[in-house]
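What follows is a single structure, written as structure tokens, with notes after it.
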Amino acid sequence: MEDSKGPDYKEQFCLDCGFATRALHAGEHFGQPHTPSHTNPIYQTSTFVFASAEEGARAFSGQDPAYIYTRLGNPTVKVLEAKINALEGAGVKLANPDLRVSTVAFSSGMAAITGALLASAQGGDEILMGNVVYGATEHLASNVLARLGIRTFDVDVSDLAVVRAAIAAHPKAKAILFETPMNPTMVLADIAGVARAVREVNPDIRVIVDNTFATPYLQRPLELGADIVVHSATKYICGHGTVVSGLVTTTVDRVKDELYKLVKDLGSSPGPFDAWLVNQGLKTLPMRMDRHCSNAMAIARHLDRHPKIAKVFFPGLESHPQHALAKAQMKDFGGMLSFELVGGIEAGRTLMNTIKVFTLAVSLGCVDSLIQHPASMTHACVPRDKRLAGGITDGLVRVSVGIEDVEDLIRALDVALAGI
Ligand SMILES: Cc1ncc(COP(=O)(O)O)c(C=O)c1O
């Protein structure tokens with residue numbers, strides 16, 4: 001947390017280093033001078049000690065940047081924030097030297113999305129939202145935001161002409177939030193194109209990208225002109241399926257200030273142990289992502305040729321309508337794919353119930369492979385007509401490809417498909 005800085009966490013650590021070096025070293029420190037642990041310690045404490053009443057008063061007045069209470073700031077959480085800052089923020093050209101990239105950690109991806117939206121809009125304002133988003137994001141809009149008097153409007157963000165028209169038609173809009181690749185259709189949005197449309201038509205709008213599927217290793221929205229990046233750190237950022245956690249990174253000072261207030265007032269800060277686990281996972285992000293990507297590419301090609309598969313949705317396939325955009329804005333194509341079976345939903349059910357190696361579970365970005373059915377699981381809370389309009393058909397199956405030996409994953413798919 002910014003208002004309780006504690007020791008120097010090398011926030012600007014080697015911003016000119018490579019991604020893997022930053023993932024390992026940024027934000028890290030060796031604990032206290034008399035207990036210099038190699039791995040940064042877990043400050044598993046709710047509160048911090050003042051040496052005197054005067055020191056406590058100075059901390060509360062903001063005169064001293066001391067840690068006070070973990071909801072307001074914690075050194076272990078700070079390490080995670082500094083590391084993501086160095087990963088999402090490197091290479092970002094800021095409008096002036098006084099600006100900086102800032103990251104605030106949250107207790108979940110949904111808390112992070114809520115924070116980013118509430119930091120951008122208030123009652124009476126409007127928010128433009130990608131027409132295909134995670135089910136709970138959709139529910140947040142129709143439930144909580146609607147009750148606060150913030151209206152949301154769906155926009156097909158894969159079409160820049162539609163985006164431009166929506167911005168012009170909604171002068172009260174204060175933010176546009178979208179995922180790319182989208183969950184679970186794997187449709188893309190052109191981040192630089194959306195940011196350009198906003199600057200040209202209504203620069204008051206904040207461009208918010210949910211970067212959960214791609215991670216900063218594959219795609220850096222701030223570099224492409226977005227104002228805010230959100231993550232469900234539960235997924236690839238942590239990578240091991242051990243934690244629910246979220247992150248917001250922004251180049252906009254006012255948004256950062258609002259985020260700090262929101263995290264304090266809503267109490268949506270992560271626990272120190274959770275932050276520590278996410279930080280540990282983050283250290284191997286580049287190597288994990290390389291393997292997720294190569295495994296997913298091999299599986300997508302294999303399924304694309306399989307007689308029992310009707311259609312594969314994966315931006316790495318040349319047949320994906322936005323393959324050129326994927327090559328331009330992503331380093332690689334990610335580990336997520338979805339497909340339709342020739343036999344429809346019944347065939348999909350048989351596949352999910354019989355397949356080995358893949359685990360039938362929601363979530364994604366774990367080291368091991370997961371399979372699930374969006375229409376009845378992750379996107380069940382999205383009204384059916386809206387789901388279908390966005391391409392989330394009843395027969396769509398989503399796979400989060402893990403880092404197992406790819407031959408084993410392909411064999412498991414072949415055996416299960418043969419049984420249909
Ligand atoms: C793209 C995307 N964004 C946000 C979330 C919400 O994250 P969390 O479950 O950590 O709250 C999810 C969860 O699946 C997701 O897939």
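Just to check your reading of the model, which residue among Ala82, Ala136, Ala90, Ala57 is aliphatic (A, V, I, L, M), in the same structural domain as Ala168 (by TED's automatic domain parsing) and within 27 Å of Pro184 (Cβ to Cβ)?
Values: Ala82 fails: within 27 Å of Pro184 (Cβ to Cβ); Ala90 fails: within 27 Å of Pro184 (Cβ to Cβ); Ala57 fails: within 27 Å of Pro184 (Cβ to Cβ).
On inspection, the qualifying residue turns out to be Ala136.
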Quiz item: Looking only at region 57-81, which residues are surrounded by fewer than 22 Cβ atoms within 10 Å (Cβ to Cβ), in contact (Cβ under 8 Å) with a residue 12 or more places away in the chain and small (Gly, Ala, Ser)?
Solution: Ala59, Gly62, Ala66
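Filter region 192-227 for residues that are of a type in the set (A, V, I, L, M, F, W, C) and under 23 Å from Ser363 (Cα atoms); which is nearest to the ligand (Cβ to nearest atom)?
First, the residues of region 192-227 that are of a type in the set (A, V, I, L, M, F, W, C): 192, 194-195, 197-198, 201, 205, 207-209, 213-214, 218, 222, 224, 226.
Applying the additional criterion that residues be under 23 Å from Ser363 (Cα atoms) yields 208-209, 213-214, 218.
On the way: Ile208: 11, Val209: 11, Phe213: 6, Ala214: 10, Leu218: 14 Å.
Filtering region 192-227 for residues that are of a type in the set (A, V, I, L, M, F, W, C) and under 23 Å from Ser363 (Cα atoms), the one nearest to the ligand (Cβ to nearest atom) comes out as Phe213.
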Quiz prompt | Checking Gly149 against (1) out of contact with any Asp or Glu (no Cβ under 8 Å at 6 or more places or on another chain); (2) surrounded by 24 or more Cβ atoms within 10 Å (Cβ to Cβ); (3) under 15 Å from Ser120 (Cβ atoms), the condition it does not meet | solution = (2)
Practice problem: Filter region 370-414 down to the residues that are part of a helix (DSSP H, G or I) and among the small types (Gly, Ala, Ser), then identify the one that is surrounded by the most Cβ atoms within 10 Å (Cβ to Cβ). | Solution: Ala412
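For region 36-54, does any single residue satisfy the condition of being loosely packed, with under 14 Cβ neighbours inside 10 Å, part of a helix (DSSP H, G or I) and modelled with pLDDT of 95 or more?
Keep residues of region 36-54 that are loosely packed, with under 14 Cβ neighbours inside 10 Å, which gives 36-39, 44, 46-47, 49, 51-54.
Restricting the remaining residues to those that are part of a helix (DSSP H, G or I) gives 53-54.
From the residues that got through so far, the ones that are modelled with pLDDT of 95 or more too are 53-54.
Taking every residue of region 36-54 in turn, at least one turns out to be loosely packed, with under 14 Cβ neighbours inside 10 Å, part of a helix (DSSP H, G or I) and modelled with pLDDT of 95 or more.
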Self-check item: Qualifying residues in region 214-237 (those that are in a loop (DSSP other than H, G, I, E, B) and in contact with a Cys (Cβ under 9 Å, 6 or more places away or on another chain)) - the one surrounded by the fewest Cβ atoms within 10 Å (Cβ to Cβ)
Solution: Lys235
Self-check item: Residue selected from region 239-249 under the condition among the hydrophobic types (A, V, I, L, M, F, W, C) and either within 15 Å of Ala82 (Cα to Cα) or outside the structural domain of Tyr134 (by TED's automatic domain parsing) (or both), by the criterion nearest to the ligand (Cβ to nearest atom)
Solution: Leu247
Quiz item: Looking at (1) surrounded by fewer than 22 Cβ atoms within 10 Å (Cβ to Cβ); (2) farther than 30 Å from Ala121 by Cβ; (3) more than 22 Å from the chain's Cα centre (by Cα), which is the one condition that is false for Asp265?
Solution: (2)
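Mind checking which residues of region 71-110 are of a type in the set (A, V, I, L, M) and either at pLDDT 90 or above or in contact with a His (Cβ under 9 Å, 6 or more places away or on another chain) (or both)? Write out each step before concluding.
Looking only at region 71-110, we keep the residues that are of a type in the set (A, V, I, L, M), and these are 72, 77, 79-80, 82, 84, 86-87, 90, 92, 94-95, 99, 101, 104-105, 110.
Those that are of a type in the set (A, V, I, L, M) and either at pLDDT 90 or above or in contact with a His (Cβ under 9 Å, 6 or more places away or on another chain) (or both): Leu72, Val77, Val79, Leu80, Ala82, Ile84, Ala86, Leu87, Val101, Val104, Ala105, Met110.
The values are calculated or read from the model by the stated rules, or taken from the named source; none is laboratory data. Bear in mind the structure is a predicted one, so any value in this text is a computation, not a measurement. For neighbour counting, all protein chains shown are included, and Cβ atoms are generated from backbone atoms with ideal geometry for every residue, glycine included.
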